[in-house]
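Notes for the one structure printed next.
Values quoted throughout were computed directly from the atomic coordinates according to the rules given, and no laboratory measurement underlies them. Bear in mind that the values here come from a model prediction, so they are computed numbers and not experimental data. Cβ: placed from backbone, ideal geometry, glycine included. Neighbour counts: every protein chain shown.
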Amino acid sequence: MIWIVMVLATFYILYAGITNTFNSILFISIGLLAMEILVLLFNKWTCPFTPLAARYTSEESRLIGLQNTTKPFSERFLL
């Protein structure tokens with residue numbers, strides 16, 4: 001859910017920049033992205049939900065983040 005909201009906010013900022021639109025949705029989107037950056041800065045660039053998820057799973061391999069999904073892709077499709 002959080003990921004979807006952040007993607008929508010990012011694309012709306014891009015859309016507003018291309019169309020030269022300045023409205024309240026733009027400023028809300030900028031605020032959301034600023035809050036996400038602050039949360040990541042205070043958590044050493046890791047998701048704050050990772051330790052919570054680690055407590056409720058027995059396998060470390062299940063805690064794969066988005067940054068680690070490129071490894072299986074590159075092993076299968078890239079030389």
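Below is a table of values for the structure above.
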| item | result |
| --- | --- |
| Listed peptides 47-53, 18-24 by packing density, highest first (mean Cβ within 10 Å) | 47-53, 18-24 |
| Spin-label model distance (nm) - E36 vs V7, 7 Å beyond Cα toward Cβ | 1.1 nm |
